[in-house]
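Asks: Submitted below is the structure of interest, expressed as C-alpha cells.
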Amino acid sequence: MKTKILFAIAFAVTSMAFAQKKEVKAIEKAIKSGSYGEAKSLVGAADALLGQMDDKTKSKFMLLKAQAFLGVDNKNVADLTKAGEAFKALVGTKMDGQAQTGLSNVVAALVNSAVQDQNTDKFSDAGAKLEKAYAFSNDNKDYQYYAASNYLNSKEYDKAAAIFEDLMATGYTGQVNEFYAVNAASGEEKKFDNKQERDIVVLSKEYVKPSERLSESKENVITEYLISIYSFQDKNDKALAMLDTALEKKPNDVKLLTSKSNIYLKMDKKDEYRAIIEKVLQLDPNNAELHYNLGVTADQQGDDATAVEYYNKAIELDAGYANAYNNLGALILRKDATFVDQMNSLGTSNADFDKYESLKVERKANIRKAVTYMEKVLELKPDNAEIANNLLNLYQVLEDTNKADAMKAKIDAMN
C-alpha cells in the first residue's frame, strides 16, 4: 500500500513537470512563429505553475515571458513593464547576457515611444514612459530629467518637482563629453555626435585641431524649473530659499534676481521688489528683454504708466521688439470698452447726441493710436494672422474701407 502511494505521488509530480514544460514549449513556439499575442495569452497559464517549476524551466519561462511582452515595435507601457520586470529577474543568473540585451531593448522601445508621444504633445504619457525607461536602465538619470521636463509640460507639477528635487539631491548635471574639430577649409568649428566620427574626419585631413569639452550643466535649468514650479504653486518660501542658494554662487545673475523680484511682487512686498529691480537695472541697463518683462509685470499690476515707460524703453533699445509694440497697442485698446459703455449709456436728447459724437471722435482717435502699434507688429511679423484679423476689425470700426479691404485680401492670401 505504501509503495502505491509513493508511485501515485511520483506520477503526479512527473505529470506536473510535463505540463510545465508543455506550456513553456507552447510559448516558445508562438514566439518563433511571430505570434506574440498568442504567446502573451499562454503566459498566464504557465505563470500559475511558476511555483512548481525547477530552476532551469523557470529561467527559460521568464526569458520567454519577457520576449513575449516585448514583442516587435511594442509601444504598450503595461507590456513593456512586464517584459522589463521579467528580464530584470534574470539579471545575475546564467541568462544575464540575454537579460541585459533584453533590458536594453525594453528601454529603447520605451524611449522611442516617449519621443513619439512628446512630438504629438502627449507629455504625460511621455513622462511615464521615460520614468519606466529609467527604472530599467543602468541608472541613466537623463531619462529622469526628460521625464520631469515632460511632466512640467503637462502641468503635473508635483511629479516634475519630485524628480527635479531628486536629481539635485544626487548632484546630477547631465554633462557629457562633446567632440569638436575645425574644418580645414572654412576654419569653422563643428561638433560631432561621437569621438569615432570626429576621429575619422580628422584622419582624412578634412578637419584639424580635434578637441573635447564637457557640455553645459543642466543644474541651472533644473533650478529655474523648480523656482517656477514653487512660484506657481504659491510655495514662495521654497522658491526664495532656492533663489538665495543660487544667488550665493551668482550674486549678480539678472535672471535669478528678476525671478526673486517677481516673487516679492506676488507677495506684495513692494519695497523688496523695488530694491532688486534697481539693482537689476544697474547691472544690465541696456537689456531690452528685461525692460519688456518689467513692463509686463507693471501691466499685470495695473500700473499702466510704468508699463508704457518700460515698453517704450524696450523699443528704444530694440526697434524690432514686436511684443513690446503689441502690448502697447493692447494697453491703449483697453480704454475702448470705457468709450463703448459711455456711448451705450446715452439717451436720445440733442445733448446726448452731441456727447455721443464727441465720444465717437475720442474713441476713433484712441483706436488710431493703437493701430499705429499694431501695424508695426504686422510689419515685423507679416505672417501673424491674429494681428491681421485684429487690424481688420479696427479698420472696420474706424470706417476705413480702403485699409479694411486691403487687410481682408492679405488675410485671404494667408489662408
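Asks: Inspect all residues belonging to the range 208-220 and state whether any of them is among the basic types (K, R) and under 17 Å from the mean Cα position of the chain (by Cα).
Replies: First, the residues of the range 208-220 that are among the basic types (K, R): 209, 213, 218.
Pick out the ones that are also under 17 Å from the mean Cα position of the chain (by Cα) and you get 218.
Looking through the range 208-220, at least one residue is among the basic types (K, R) and under 17 Å from the mean Cα position of the chain (by Cα).
Asks: As an exercise: evaluate V13 against (1) among the aliphatic types (A, V, I, L, M); (2) modelled with pLDDT under 75; (3) buried (at least 18 other Cβ atoms within 10 Å of the Cβ) and give the number of the one condition it does not meet.
Replies: (3)
Asks: Still on this structure, I have one more. Take the range 340-373 and flag every residue that is under 14 Å from L398 (Cα atoms) and open to solvent by less than 60 Å² (accessible area, probe 1.4 Å).
Replies: Those that are under 14 Å from L398 (Cα atoms) and open to solvent by less than 60 Å² (accessible area, probe 1.4 Å): V340, L359, R363, K364, A365, N366, I367, A370, V371.
Asks: Let me ask another. Within the range 156-200, can you find the residues that are outside any helix (DSSP H, G or I) and hydrophobic (A, V, I, L, M, F, W, C)? Give the derivation first.
Replies: Residues of the range 156-200 that are outside any helix (DSSP H, G or I), as a first pass: 156, 170-194.
Result: V176, F179, A181, V182, A184, A185, F192.
Asks: Looking at L378, is it part of a helix (DSSP H, G or I) and touching a residue at least 40 places away in the same chain (Cβ under 8 Å)?
Replies: no
Asks: Go through A351, A337, A322 for me and flag whichever is of a type outside the set (K, R), free of Cβ contacts under 8 Å to residues at least 24 places away in the same chain and under 17 Å from K369 (Cα atoms).
Replies: A337
Asks: Within the range 79-97, identify whether any single residue is open to solvent by 50 Å² or more (accessible area, probe 1.4 Å) and in contact (Cβ under 8 Å) with a residue 40 or more places away in the chain, and answer yes or no.
Replies: Taking every residue of the range 79-97 in turn, at least one turns out to be open to solvent by 50 Å² or more (accessible area, probe 1.4 Å) and in contact (Cβ under 8 Å) with a residue 40 or more places away in the chain.
Asks: Take the range 295-313 and flag every residue that is in contact with a Leu (Cβ under 8 Å, 6 or more places away or on another chain) and surrounded by 17 or more Cβ atoms within 10 Å (Cβ to Cβ).
Replies: Across the range 295-313, the qualifying residues are T297, D299, A307, V308, Y310, Y311.
Asks: Anything in the range 21-43 that is in contact (Cβ under 8 Å) with a residue 12 or more places away in the chain and open to solvent by 50 Å² or more (accessible area, probe 1.4 Å)? List them, or say none.
Replies: K21, E23, Y36, K40
Asks: Take the residues in the range 235-250 that are open to solvent by less than 70 Å² (accessible area, probe 1.4 Å) and over 24 Å from the mean Cα position of the chain (by Cα); name whichever of them is farthest from M267 (Cα to Cα).
Replies: Residues of the range 235-250 open to solvent by less than 70 Å² (accessible area, probe 1.4 Å): 236, 239-244, 246-247.
Next, only the ones that are over 24 Å from the mean Cα position of the chain (by Cα) stay: 241, 244, 247.
On the way: A241: 14, D244: 16, L247: 20 Å.
This residue is L247.
Asks: Just to be sure before I move on: is K279 of a type in the set (K, R), without any contact (Cβ under 8 Å) to a residue 40 or more places away in the chain and under 23 Å from V371 (Cβ atoms) in the structure I sent?
Replies: It is false that K279 is of a type in the set (K, R), without any contact (Cβ under 8 Å) to a residue 40 or more places away in the chain and under 23 Å from V371 (Cβ atoms).
Asks: Here's a follow-up. Take the range 211-231 and flag every residue that is in a strand (DSSP E or B) and either touching a Leu at 6+ places or on another chain (Cβ under 7 Å) or open to solvent by 70 Å² or more (accessible area, probe 1.4 Å) (or both).
Replies: E212, R213, L214
The values are calculated or read from the model by the stated rules, or taken from the named source; none is laboratory data. This one's a predicted model, so the numbers in the text were calculated from it and none came from an experiment. Note that we place each Cβ from the backbone using ideal geometry, even for glycine, and neighbour counts take in every protein chain shown. In case anyone asks, the SASA skips ligands and DNA or RNA and just uses the protein heavy atoms, side chains included. Shrake-Rupley method; radii C 1.70, N 1.55, O 1.52, S 1.80 Å.
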